[in-house]
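The structure under discussion appears below in the form of structure tokens.
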4 protein chains.
Amino acid sequence: MPNVTYEKEITALLVIDPYNDFISEGGKLWDRLKGIAEANNCVPHMLQVLNAARKTGLRIFYALHRRYRRGDYETWKYVAPVQKAAWSHKTFEYGTWGGEIRPEFEPQPNDIVAQEHWCSSGFANTDLDLLLKKHGIGKLIVIGLIAHTCVEATVRFAAELGYEVTMVKDATADYSEVEMHAALDVNIPNYASAVVSTHEIIESLASL
Amino acid sequence: MPNVTYEKEITALLVIDPYNDFISEGGKLWDRLKGIAEANNCVPHMLQVLNAARKTGLRIFYALHRRYRRGDYETWKYVAPVQKAAWSHKTFEYGTWGGEIRPEFEPQPNDIVAQEHWCSSGFANTDLDLLLKKHGIGKLIVIGLIAHTCVEATVRFAAELGYEVTMVKDATADYSEVEMHAALDVNIPNYASAVVSTHEIIESLASL
Amino acid sequence: MPNVTYEKEITALLVIDPYNDFISEGGKLWDRLKGIAEANNCVPHMLQVLNAARKTGLRIFYALHRRYRRGDYETWKYVAPVQKAAWSHKTFEYGTWGGEIRPEFEPQPNDIVAQEHWCSSGFANTDLDLLLKKHGIGKLIVIGLIAHTCVEATVRFAAELGYEVTMVKDATADYSEVEMHAALDVNIPNYASAVVSTHEIIESLASL
Amino acid sequence: MPNVTYEKEITALLVIDPYNDFISEGGKLWDRLKGIAEANNCVPHMLQVLNAARKTGLRIFYALHRRYRRGDYETWKYVAPVQKAAWSHKTFEYGTWGGEIRPEFEPQPNDIVAQEHWCSSGFANTDLDLLLKKHGIGKLIVIGLIAHTCVEATVRFAAELGYEVTMVKDATADYSEVEMHAALDVNIPNYASAVVSTHEIIESLASL
């Protein structure tokens, strides 16, 4: 593991898309994710990292996907495949249970919730970069869903924009091992300075 | 293959990093790329697509990686792993043959060369998006190197920024089949509206 | 007046901050604006341009300032003066009448409302640029409030991002002639390709 | 003057467009600027601030306008008025004396020179934001040319992107008092947390 250190003042936890549709029994995509998610204890790990970050006093940021609303895409000239999927499944539909955050991950009063993102990166076309800068954050610890789309995209953008990223590899999930592998083993190690386990990051945070 | 069409006025070819260091015998990374690149005829395919695009009258854009200069990274607080690699290998060193474009791909007078990018995406921290807009481009056909880093990053950013993307799957290369697969089969199909062969795109362009 | 033309498919009307706090009797800033706004018939002109744009079939976009919510700024390292003012006045407070759009300007079903902006530019840290691109828009007709802050900022950003801008000079207002002059006569003419009257733009739109 | 403090590690000097064409006898725009520039000692002040910043050990960043090259604008769909002016005057022409930096302001080995900007803001479509972040900079002291275009635009963008800005009001110049006033008295005070004299900033820097 690379020599990454975390200082409270400049490090934040970034939680990506903890929606019921992804990680709750009955969510629209849970059946496709649960094979991996249950095998690696994704949801309990996400919660452990969140609680450890809160206990240490890190600022918590949320990057949330656009909640589907009727009329979102009908007038667009181009709709990327990943957006077509969101459109056809009405993923995270606004005003429905699936578009709500799973209760244990509900943002608390001092957490920062960035504007919803339209594609996969939490940074693209949102105020996430601004809000991180306004809080003096230079280092991000990333957890959430799903590994090869929103998580990888957000990690890639974070690196492009100058942040130092730590990916928690067992606090994410994906549809299959193939996609999980592409994200965690092939791509993210080029952009995240550390790829660690929940156990490792909790230990690092406990020492702050 | 999806039903993607190309109109001359709004479609451009985007050529990513055709540096000697990547695709010329003797280049710093050629030995790592040539297994894939020779197997899929990457360089001849890139050239065929470039020539077909020129013949059809598409505008050609270049997204080029930062050519290494001494002092580039020493003072940075955070250097992403992919940048550390560029730093240690002095890839595309400014003023050296490796940092020159392979001659057949040399930009011509009416081509548009965007500013160099520091990480992987041709869009991040450059004028590529501006220059595409200034020329009325909404659709991109993408060729170049290397599949899972700069190419995938640029395709992802293009989709995030609203472009419709076509990836030419045998006009790119990578270090191994694993990375090639992660880029072309797992990730890029979520962001590119079409993933086509050189043969297919040349046929499409010939009919314009 | 420069030779600017408008084609329906690529031209949009951009309405900036038509909040009660700005342009309705009883709004927090109305008393400071009404001198100019009544003298130039700002609100009736805004409405005339909006109606003309709807009649012509232009797409309508809204750029709206962040509605003040408790806790917005307390944790920020730096708060720009214009944000300090918004903070101290609780301008456009979320959930209050002042933070509602003046009824005649309420977005209609096919209008596009961009994410709220934190400072002055409707483009900075929002999805406005994406949504314009997704609708194929290259030309913007701009109306709204207030001239030397959000309007000028949005016009400047639009030009930086590659749009062609038309400013409707009597469909905006400001605190004083000094600020109105700085925006409309000194700065905006460098970034907007045309600065026209309500009468002129309505005539142009009627001919489409 | 607001209560702005400067800490060496997070404060940088940003020098905007110190080209011969602007501030050297014989430069294309010097005759239009020299009335103001000589009255407020703009160039000596710029140099004093630069030297004070170097002595204190602040990092120096340069935001430089696109040096005109033949073919820059011919193929653009839209050219903003400020770009049309640059085009017709061939301002800062690449390879000419006018497009060189005035010798006293020549970047030194540890200075950071951002990519050239196409319109007015040093941030738009460049790597300036990235390079500031990579060096941990949160506060900017701004000097350079010209007040109501590139300087004001860069100050506005800096505020939008989350930086704290100090404007040095007598280390800039403009074509006339009207434009100088619009920039320094009407607009910049909304975005810069401090607007100070050369004397004041040198005193502040001396105490670090």
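Brief remarks follow.
- Of residues in segment D:136-154 being in a strand (DSSP E or B) and within 11 Å of another protein chain (Cβ to nearest Cβ), the one nearest to D:ILE16 (Cα to Cα): D:LEU140
- Counting only residues that are in a helix (DSSP H, G or I) and open to solvent by 10 Å² or more (accessible area, probe 1.4 Å), segment D:188-200 holds 4 of them.
- Within segment B:184-195, tally of residues that are over 18 Å from B:HIS45 (Cα atoms) and more than 7 Å from every other protein chain (Cβ to nearest Cβ): 3
- Contacts under 8 angstrom Cβ, first residue in segment B:67-81 being in a loop (DSSP other than H, G, I, E, B), partner modelled with pLDDT of 95 or more and of a type in the set (Asp, Glu), 6 or more apart: B:ARG67/B:GLU93; B:ARG67/B:GLU116; B:TYR68/B:GLU93; B:ARG69/B:GLU93; B:LYS77/A:GLU164; B:TYR78/A:GLU164; B:ALA80/A:GLU164
- Checked against the criterion of being on the phi < 0 side of the Ramachandran plot and within 14 Å of chain B (Cβ to nearest Cβ), the candidates C:LYS84, C:LYS34, C:LYS133, C:LYS55 yield just one match: C:LYS133.
- All of C:ARG69, C:ARG59 fail the test of being more than 18 Å from C:ILE143 (Cα to Cα) and either modelled with pLDDT under 95 or touching an Asp or Glu at 6+ places or on another chain (Cβ under 9 Å) (or both), apart from C:ARG69.
- Annotation note: Cβ proximity below 9 Å between a residue of segment C:1-26 that is on the phi > 0 side of the Ramachandran plot and a residue that is assigned to a loop (DSSP other than H, G, I, E, B) (sequence gap 6+ or interchain) occurs for C:ASP17/C:LEU64; C:ASP17/C:PHE92; C:ASP17/C:GLY122; C:ASP17/C:LEU145; C:ASP17/C:ILE146.
- On the stretch given as segment B:155-172, residues that are more than 14 Å from chain C (Cβ to nearest Cβ) and of a type outside the set (Lys, Arg) total 7.
- Qualifying residues in segment D:104-140 (those that are surrounded by fewer than 19 Cβ atoms within 10 Å (Cβ to Cβ) and without any contact (Cβ under 8 Å) to a residue 12 or more places away in the chain) - the one farthest from the chain's Cα centre (by Cα): D:PRO109
- Search result, residues across segment B:49-63 that are surrounded by fewer than 20 Cβ atoms within 10 Å (Cβ to Cβ) and either closer than 17 Å to B:GLU104 by Cβ or under 12 Å from the mean Cα position of the chain (by Cα) (or both): B:ASN51, B:ARG54, B:LYS55, B:ILE60
- Condition check for D:THR96: under 19 Å from D:THR11 (Cα atoms), away from chain C (no Cβ under 14 Å) and surrounded by fewer than 19 Cβ atoms within 10 Å (Cβ to Cβ): no
Here's the yes/no breakdown for (1) open to solvent by 10 Å² or more (accessible area, probe 1.4 Å); (2) out of contact with any Leu (no Cβ under 9 Å at 6 or more places or on another chain); (3) of a type in the set (A, V, I, L, M, F, W, C); (4) assigned to a loop (DSSP other than H, G, I, E, B):
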| position | (1), (2), (3), (4) |
| --- | --- |
| C:LYS169 | yes, no, no, no |
| C:ASP174 | no, no, no, yes |
| C:VAL186 | yes, yes, yes, no |
| C:ILE202 | yes, yes, yes, no |
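- Segment B:1-48, subset of a type in the set (Asp, Glu) and not in a helix (DSSP H, G or I), residue most open to solvent (accessible area, probe 1.4 Å): B:GLU25
The values are calculated or read from the model by the stated rules, or taken from the named source; none is laboratory data. On a predicted model such as this, the values are computed, not experimentally measured, just so you know. Because the Cβ atoms are built from the backbone with ideal geometry, glycine has one as well, and the counts that use them run over all protein chains shown. Protein only, heavy atoms only, side chains kept; ligands, DNA and RNA dropped before computing areas. Shrake-Rupley method; radii C 1.70, N 1.55, O 1.52, S 1.80 Å.
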